[in-house]
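The structure appears right after this line, and notes come after that.
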Amino acid sequence: MILPLDEELSKEIAQSIKSKAKTPFDNAYKAALATEGATYVQGFLAFAGRPYKPIEHAWIELGDRIIDPTLPHLKQDPQGLLYYPAQRISVKKLKAIIEESKEDYPEDDPLPIYGDPPYDYYGDVMLGGKEYLTAYQAAEAKCKELNQRKAESN
């Protein structure tokens, strides 16, 4: 089930955490910490147009809606954005993973989080487990469908 995007709250939270354009994982992390009852989500974003393939992305879920703190920077019609979750992480678990990552790998950015190996390839990149592959393939199929429809209507 794909949850609806709450545009208004996405923009409010983006402003309150001072979200930045090219940092969806950091934005979602900050939003998760700042939003009571939120769940941090990593997955893929599908929409018609460039780059004609899914984009790896992160957002938060609050109850039955999606809050995307990167929304103001996406330059896309919010109605045309489709979110495909690969992994949901509670704020408590998220904090623990980030802390552990910073201790174990201080020179690496702790985000995004890919869970436990084995990892799979999607496209030409190896990231995430089976749930990543499933989300990527669903988002990829939707991108193809959207772009096909767009090409036929021109």
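So the values come out like this:
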read-out: Subset of the range 33-57 [hydroxyl-bearing (Ser, Thr, Tyr), in contact with a strand residue (DSSP E or B) (Cβ under 9 Å, 6 or more places away or on another chain) and open to solvent by 10 Å² or more (accessible area, probe 1.4 Å)]; value: Thr35, Thr39
read-out: Top-ranked residue of the range 2-18 - restricted to ones that are of a type in the set (A, V, I, L, M, F, W, C) and under 14 Å from Ile60 (Cβ atoms), ranked as surrounded by the most Cβ atoms within 10 Å (Cβ to Cβ); value: Ile13
read-out: Candidates Lys30, Lys11, Lys18, filtered to the one that is farther than 15 Å from Gly80 by Cβ and part of a loop (DSSP other than H, G, I, E, B); value: Lys18
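The values are calculated or read from the model by the stated rules, or taken from the named source; none is laboratory data. Given the structure is predicted, the values throughout are model-derived calculations rather than measurements. Cβ: placed from backbone, ideal geometry, glycine included. Neighbour counts: every protein chain shown. Each accessible area value is taken on the protein alone, full model and side chains, heavy atoms only, with ligands, DNA and RNA left out. Shrake-Rupley method; radii C 1.70, N 1.55, O 1.52, S 1.80 Å.
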